[in-house]
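Q: Let me begin by handing over the structure; questions about it come next.
Values quoted throughout were computed directly from the atomic coordinates according to the rules given, and no laboratory measurement underlies them. Model, not experiment: these values are computed from the prediction. Every residue, glycine among them, receives a Cβ derived from its backbone with ideal geometry; neighbour counts consider all protein chains shown.
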Amino acid sequence: MHKLILLAIADYAGRDNNSAWPAITTLAARCGVSRITAVRAVRELEKLNLVSVENRSNKTNIYRLPMDEKEGYQSDRGYQKDTPVVSERYSGGIREIPEPVRNQLVTSKDQKQDEEQVESLYAAYPRKIGKPAALTSIRKALKREAAKADLGMTPAALLAKTRLWATACQQRTAEEPDSAKYIKHPSTWFNQQCYLEPAAEWGIKSKPKSLSSQLNDEVIRASERDLEKTRKLLESL
């Protein structure tokens with residue numbers, strides 16, 4: 001599996017450099033594996049010295065591939081050349097600085113998927129206010145959790161937790177309408193990482209059953225009582 005991840009990183013590095021910075025979720029989706037499997041594969045590649053990883057706060061990691069000075073790194077796209085350099089003169093000589101290279105294979109599809117996750121989280125939050133700040137906070141929350149690797153919350157888990165908070169707020173405002181104005185702004189809620197709080201502390205009440213469900217339960221209980229009476233009668237014979 002780590003070989004597939006290595007090839008994916010090499011593809012994202014492009015033809016003229018040995019660096020790439022795709023999100024771990026992007027690598028996982030490209031190889032058709034789970035996020036946790038992709039994280040483990042990257043760690044295995046590090047152990048084998050096939051890739052070096054630079055962790056960046058609130059940003060995707062930078063992956064660097066080992067290069068052969070003469071030929072470069074070989075991927076399924078052929079040999080990749082070293083990063084272009086530019087010269088900078090300073091007192092006493094010339095220093096070479098790597099020229100920044102754009103990540104060539106980051107597609108609009110990946111960006112669209114990320115933004116859809118952000119919009120879904122905002123739509124699930126119970127208070128719609130300050131959308132630009134809220135979207136920024138949600139993006140930071142997603143990156144923060146992704147940086148935790150397998151210890152972080154997935155986008156799906158974060159969405160589920162946000163919906164639970166919305167349920168708690170809806171139940172509270174149904175009993176106390178004035179409490180709606182005390183619901184935190186979405187930017188505050190995500191910045192303060194309130195989604196890490198145990199949902200049990202939010203006081204969510206079980207939804208009462210409908211009359212038809214209650215009648216159905218009573219029919220089932222009555223049937224079970226009849227079956228028990230029949231069983232005891234048969235045992236007494």
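Q: What's the exposure ranking of MET153, MET1, going from fewest to most Cβ atoms within 10 Å? Working shown, then result.
A: Working: MET153 19, MET1 12.
Ordered by Cβ neighbours within 10 Å, fewest first: MET1, MET153.
Q: Here is the link list: LYS140/LYS181; LYS148/LYS184; LYS143/LYS181; LYS143/LYS184; LYS3/LYS140; LYS131/LYS184. Which ones come out longer than 19 Å on Cα distance?
A: Working: LYS140/LYS181 25 Å; LYS148/LYS184 25 Å; LYS143/LYS181 29 Å; LYS143/LYS184 21 Å; LYS3/LYS140 30 Å; LYS131/LYS184 13 Å.
Correct reply: LYS140/LYS181; LYS148/LYS184; LYS143/LYS181; LYS143/LYS184; LYS3/LYS140.
Q: Same structure again: In whole Hz and in residue order, list the ³J(HN,Hα) couplings for segment 139-145 that follow from phi through the Karplus curve 6.51 cos²θ - 1.76 cosθ + 1.60, θ = phi - 60°; x for Gly and Pro.
A: For segment 139-145, the Karplus curve yields 4, 5, 5, 5, 5, 4, 6 Hz.
Q: As an exercise, use a Förster radius of 45 Å and the Cβ-Cβ distance of LEU234 and GLU115 to find the FRET efficiency, rounded to the nearest 0.05. List each step's numbers first, then the result.
A: Numbers: r = 65 Å, r/R0 = 1.45.
The pair LEU234/GLU115 has a calculated efficiency of 0.10.
Q: Still on this model: For every other residue with a beta carbon closer than 13 angstrom to the beta carbon of LEU45, add +1 if it is Lys or Arg and -1 if Asp or Glu, then tell me the sum. Kindly include the intermediate steps, with their values, before the conclusion.
A: Details: positive: LYS3, ARG40, ARG43, LYS47, ARG64; negative: GLU44, GLU46.
With Lys, Arg at +1 and Asp, Glu at -1, the net is +3.
Q: Taking R0 as 25 Å, what's the FRET efficiency between GLN214 and GLN171 from their Cβ-Cβ distance, rounded to 0.05? Present the calculation step by step, with values, prior to reporting the outcome.
A: Details: r = 20 Å, r/R0 = 0.81.
For R0 = 25 Å, the calculated efficiency reads 0.80.
Q: Let me ask another. Counting other beta carbons within 10 Å of each Cβ, put ARG40, ARG221 in order, fewest first. Mind showing how you got there, number by number?
A: Working: ARG40 17, ARG221 10.
Taking fewest neighbouring Cβ atoms as first place, the list is ARG221, ARG40.
Q: With the crude spin-label approximation of a point 7 Å out along Cα→Cβ, what separation in nm comes out for ASN58 versus THR188?
A: Simple spin-label model gives 2.0 nm for this pair.
Q: Can you sort TYR195, TYR182, TYR122 by how many other beta carbons sit within 10 Å, fewest first?
A: Values: TYR195 20, TYR182 11, TYR122 17.
The order, fewest Cβ neighbours first, is TYR182, TYR122, TYR195.
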